[in-house]
Amino acid sequence: MGCPYKAIADDTRRKILEFLSKEETAAGDIASKFEISKPAISNHLKILKEADIVSERKVRQNRLYSLNDKKIDNMKVYLDSLTDQHKSMRA
């Protein structure tokens, strides 16, 4: 499993996450929003899946992608804890 924080360090992957935050989306629809190759988008999706930030399901010939809300919530909790610690140290 990949590092979720490393996975979101890339601008393209963050834009993919923005699209997926609205709705489950097919890989082809995601690729159509970018001016890079479909294999490049596929690689970005693979990295997001390996980091468990994105889930994939097959419907006939399509692969549909969606956010893994639980993983993202866990990341938010961790990051919030860092800022909470920092605020208490400054007080």
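The values are calculated or read from the model by the stated rules, or taken from the named source; none is laboratory data. Because the structure is predicted, anything quoted here is derived from the model rather than measured. Note that each Cβ is placed from the backbone with ideal geometry, even for glycine, and that neighbours are counted across all protein chains shown. Heads up: the accessible areas ignore ligands, DNA and RNA and are worked out on the full protein's heavy atoms, side chains in. Shrake-Rupley method; radii C 1.70, N 1.55, O 1.52, S 1.80 Å.
Kindly indicate whether any position in segment 68-83 is small (G, A, S), open to solvent by less than 70 Å² (accessible area, probe 1.4 Å) and touching a strand residue (DSSP E or B) at 6+ places or on another chain (Cβ under 8 Å). Taking every residue of segment 68-83 in turn, none turns out to be small (G, A, S), open to solvent by less than 70 Å² (accessible area, probe 1.4 Å) and touching a strand residue (DSSP E or B) at 6+ places or on another chain (Cβ under 8 Å). Filter segment 1-22 for residues that are of a type in the set (D, E) and free of Cβ contacts under 8 Å to residues at least 24 places away in the same chain and give the result. Residues satisfying the conditions are D11, E18. Of all residues in segment 45-63, those that are open to solvent by less than 60 Å² (accessible area, probe 1.4 Å) and touching a Phe, Trp or Tyr at 6+ places or on another chain (Cβ under 9 Å) total 5. Scanning segment 12-30 for any residue that is more than 17 Å from the chain's Cα centre (by Cα) and either open to solvent by 30 Å² or more (accessible area, probe 1.4 Å) or among the aromatic types (F, W, Y) (or both) turns up nothing.
Going residue by residue through segment 60-68, is there one that turns out to be of a type in the set (A, V, I, L, M), more than 18 Å from Y5 (Cβ to Cβ) and in contact (Cβ under 8 Å) with a residue 12 or more places away in the chain? Yes, some residue in segment 60-68 is of a type in the set (A, V, I, L, M), more than 18 Å from Y5 (Cβ to Cβ) and in contact (Cβ under 8 Å) with a residue 12 or more places away in the chain.
Taking segment 48-83 as the range and being at pLDDT 95 or above and under 16 Å from F19 (Cα atoms) as the test, the residues that pass are L48, K49, I53, V54, S55, E56, L64, Y65, S66, L67, N68.
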